[in-house]
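Read the structure below first, then the notes.
The values are calculated or read from the model by the stated rules, or taken from the named source; none is laboratory data. All values derive from a computational prediction rather than experimental measurement. For neighbour counting, all protein chains shown are included, and Cβ atoms are generated from backbone atoms with ideal geometry for every residue, glycine included. These accessible areas exclude ligands, DNA and RNA; they are computed on the full protein's heavy atoms, side chains included. Shrake-Rupley method; radii C 1.70, N 1.55, O 1.52, S 1.80 Å.
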Amino acid sequence: MKQALVVARKDLLVEFRARLLLVRVIPFALLVLVLFAVALDSEPLILRAASGLVWLTMLFSTLLLVQRTYDVETQDAALEVLLTSAVEPVNVFFGKLFAAFVQLLVLSVLLVFGAIVLYGATVSGSNVVLLVTIVVSAAWGLASVGTLYGAVVANMNGRDSLLALLALPVLAPLLIGASRATEAAFGSQTIDTASGWAWVALLAVFAVVFSAAGAAAFGALMEPEA
Amino acid sequence: MQPVTTNDTAIRLNDAVVALGGFPALAGASVSVGRGELVALRGANGTGKSTLLRLCAGLVPLTRGSAQVFDVNLADDRASVRRHVGLLGHRNGLYDELTSRENVEFTARLVGAHTRDVEDALARLRIDSRVASTRTRALSAGQRRRTALASLVVRRAQLWLLDEPHAGLDAAARDELDVILLEATSSGATVLYTTHETDRPGRAVPRTLLLAGGVVASDSPRQS
């Protein structure tokens, strides 16, 4: 566990210094939100689509973040040194997952605020807990899948496009679950709060399953090629 | 050439073959290295020196023959040997956005070394406070190499595998590195390194293996 925290701290420090989140991902994500608002140009339509647009933007942003987290490991063969540093691969996985989770958490909070400001979405006091739970569980799920599939393509040519091709279909249940649950948190007429919590349960199961799968598979995935 | 084995053998290769993309980068190497030995690997480019190091680090699979490192059979288990290995390849394994000191501290935290060990390692590699507080992407090749070596020093591995560790270092740093490697062997570590260096006056020549065509062509004992 201590090694995982050391890896997470390193990843966060590298990202803080590189300012990828601040300079590239956050502007990209906010721009997408704005463009959706311009493209849909209809208040009722935007309100209905707000939750889906937030999580679709999160999906694309996750790909950017995950690509970067593996790029820094491969550009000077740091991953190879890491694997020969008495570090258990499972600790590398959870370290990278935790660092990605923190960044995605920040981004998702910004995007939810963006939806409230740009799309006029509202969250009643009773739905705040639901919204916080959605954001935490969905961010963990995104980080789990991103870290796992980032490892799958880390040593491949054309990994940028491959990551999108492999991860996006897997993330479809998360997109649906997070969108529906957020719709409930935004007080939509088409879904009640109880159903929103049911979707949160799906998000939690999704996050746990992919965390466990990543922990089990990461060592084999990181095995150096001949 | 048949390997000589002892009860205290760190590495034992017997007719080891490693095929990379179908090409036998190591084509039947046999060698035995005792614990605490310092061994230089020499040979022209493409003779299998780096592959031999990577085989011992558990980073490439054994195609044929046998290979044991610290009694771990590499044909069956390549992963468990890695926790005993400190590897320095052609690339340094550094994070560009971290400073020299932060890179060494990262390794230290992973292996549970103390802050004092970090300071000692930086001092041994003549990394002053200015260089230590500079991001590694802004450092020269020699400074980056010294940072990677400092990380290796705090790692305190049982088996040091270094691919041309002297490359990019100035004369003083090369001499200091030789001392560090000797000290590592004195404390029980086994050190294998590749080199193209010509012998320097006044410097003891370690046991030297000459590789040619993916096999160990000659094995010269240590000379004082």
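Some values worked out for this structure:
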read-out	value
B:Arg126, sole failed condition from (1) away from every other protein chain (no Cβ under 12 Å); (2) in contact with a strand residue (DSSP E or B) (Cβ under 9 Å, 6 or more places away or on another chain); (3) open to solvent by 60 Å² or more (accessible area, probe 1.4 Å)	(2)
Residue list for segment B:77-110, restricted to those being farther than 26 Å from B:Arg130 by Cβ, open to solvent by less than 20 Å² (accessible area, probe 1.4 Å) and not charged (D, E, K, R)	B:Val81, B:Val85, B:Gly86, B:Leu87, B:Gly89
Enumerated strands (runs of 3 or more DSSP E) restricted to segment B:1-117, each holding at least 2 residues that are modelled with pLDDT under 95, out of contact with any strand residue (DSSP E or B) (no Cβ under 8 Å at 6 or more places or on another chain) and within 14 Å of another protein chain (Cβ to nearest Cβ)	none
Filtered residues of segment A:180-226 (kept if acidic (Asp, Glu) and more than 14 Å from every other protein chain (Cβ to nearest Cβ))	A:Glu183, A:Asp192
Elements of type helices (runs of 4 or more DSSP H) contained in segment A:26-83, each with 1 or more residues being farther than 30 Å from A:Glu223 by Cα	A:26-40, A:43-74
Top-ranked residue of segment A:13-25 - restricted to ones that are assigned to a helix (DSSP H, G or I) and within 11 Å of another protein chain (Cβ to nearest Cβ), ranked as most open to solvent (accessible area, probe 1.4 Å)	A:Phe16
Any hit, segment A:186-198, residues being among the charged types (D, E, K, R), more than 30 Å from B:Leu62 (Cα to Cα) and modelled with pLDDT under 90	yes
Verdict on A:Asn127 being among the polar types (S, T, N, Q), within 22 Å of A:Ala216 (Cβ to Cβ), modelled with pLDDT under 95 and surrounded by fewer than 24 Cβ atoms within 10 Å (Cβ to Cβ)	no
Matching entry among A:Gly114, A:Gly95, A:Gly177 (being closer than 30 Å to B:Gly112 by Cβ and not in a loop (DSSP other than H, G, I, E, B))	A:Gly95
Tally of residues being open to solvent by 20 Å² or more (accessible area, probe 1.4 Å), in contact (Cβ under 8 Å) with a residue 24 or more places away in the chain and not hydroxyl-bearing (Ser, Thr, Tyr) across segment B:26-53	7
